[in-house]
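Here is the structure we will look at.
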Amino acid sequence: MAAKIRKGDLVEVVRGRTADEQKLAERNARREAEGLEPLKPGDKGKQGRVIKVFPAEEKVLVEGVNLKTRHVRQGPNSAGGIETVEAPISLSKVALVDPDTKQRVRVGFREDTVERDGRTRTVRVRVTRGGAKRGIEQGKEI
C-alpha cells in the first residue's frame with residue numbers, strides 16, 4: 001500500500017471525524033440534549049501534500065492534516081513556546097487525489113517497457129482505475 005503513495009502526492013483524508021460544519025452542528029445538538037460535551041471538528045475531507053512516508057509503520061505525514069500542539073522548551077537554537085506540528089496518519093485513512101480533477105481515485109499499476117541507455121527495462125507505472133461514473137479517465141497516469 002505504501003508503494004501507491006509517494007512524497008509530494010496530493011491526498012485526502014477519507015476516514016475520521018468530519019470537518020463538515022452542518023453535520024457537526026446536528027451531531028452536537030443531539031449530544032447537548034443528552035448532556036454530553038460537543039465534538040471538535042476533524043480532518044475528514046481535507047486535502048494536502050505528502051511530506052514524508054513511513055512504510056515500516058504504514059503511516060504518512062500530510063501537510064495541514066492531523067495537527068498537534070507541542071510545548072517546546074527554550075533552548076540555544078529555539079525560542080520555545082507552543083508549536084503546532086503535523087503528526088503521522090495511517091495510510092488506510094488517506095486516498096490518492098487526481099491533481100487535475102481534485103477527486104479521489106483508486107490506483108492500480110501497469111507495467112511498461114522503457115529503453116534507457118540501450119537497455120530495455122520493465123517499469124511499474126501508477127494508473128487510475130475505474131471511476132467512469134465520476135468522470136475519471138481509466139488508465140490515466142498519476
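The set of residues in region 76-127 being in a loop (DSSP other than H, G, I, E, B), hydrophobic (A, V, I, L, M, F, W, C) and open to solvent by 80 Å² or more (accessible area, probe 1.4 Å) consists of Ala79 alone.
Taken over region 28-59, the criterion of being of a type in the set (D, E, K, R), farther than 22 Å from Gln103 by Cβ and modelled with pLDDT of 90 or more is satisfied by Arg30, Arg31, Glu32, Glu34, Glu37, Lys52, Glu57, Glu58, Lys59.
Evaluation of Asp20 against the conditions (1) within 30 Å of Thr122 (Cβ to Cβ); (2) open to solvent by 40 Å² or more (accessible area, probe 1.4 Å) shows that the sole unmet condition is (1).
Given the condition hydroxyl-bearing (Ser, Thr, Tyr) and in a loop (DSSP other than H, G, I, E, B), answer yes or no: does some residue in region 13-23 qualify? Checked region 13-23: no residue is hydroxyl-bearing (Ser, Thr, Tyr) and in a loop (DSSP other than H, G, I, E, B).
If only residues of region 24-37 that are part of a loop (DSSP other than H, G, I, E, B) and open to solvent by less than 90 Å² (accessible area, probe 1.4 Å) are counted, the one that is nearest to Glu63 (Cα to Cα) is Leu36. Is there a residue being farther than 27 Å from Arg126 by Cα and touching a strand residue (DSSP E or B) at 6+ places or on another chain (Cβ under 8 Å) anywhere in region 97-105? No, every residue in region 97-105 fails to be farther than 27 Å from Arg126 by Cα and touching a strand residue (DSSP E or B) at 6+ places or on another chain (Cβ under 8 Å).
Taken over region 38-75, the criterion of being farther than 14 Å from Gly16 by Cβ, open to solvent by 80 Å² or more (accessible area, probe 1.4 Å) and assigned to a loop (DSSP other than H, G, I, E, B) is satisfied by Pro38, Pro55, Ala56, Glu57, Glu58, Glu63, Arg73, Gln74.
Does Gly8 fit the bill of being surrounded by 16 or more Cβ atoms within 10 Å (Cβ to Cβ) and on the phi > 0 side of the Ramachandran plot? Answer is no for this residue.
The values are calculated or read from the model by the stated rules, or taken from the named source; none is laboratory data. Since this is a predicted model, take the numbers as computed values, not measurements. No Cβ is skipped: glycine too gets one built from the backbone with ideal geometry, and neighbour counts run over all protein chains shown. These accessible areas exclude ligands, DNA and RNA; they are computed on the full protein's heavy atoms, side chains included. Shrake-Rupley method; radii C 1.70, N 1.55, O 1.52, S 1.80 Å.
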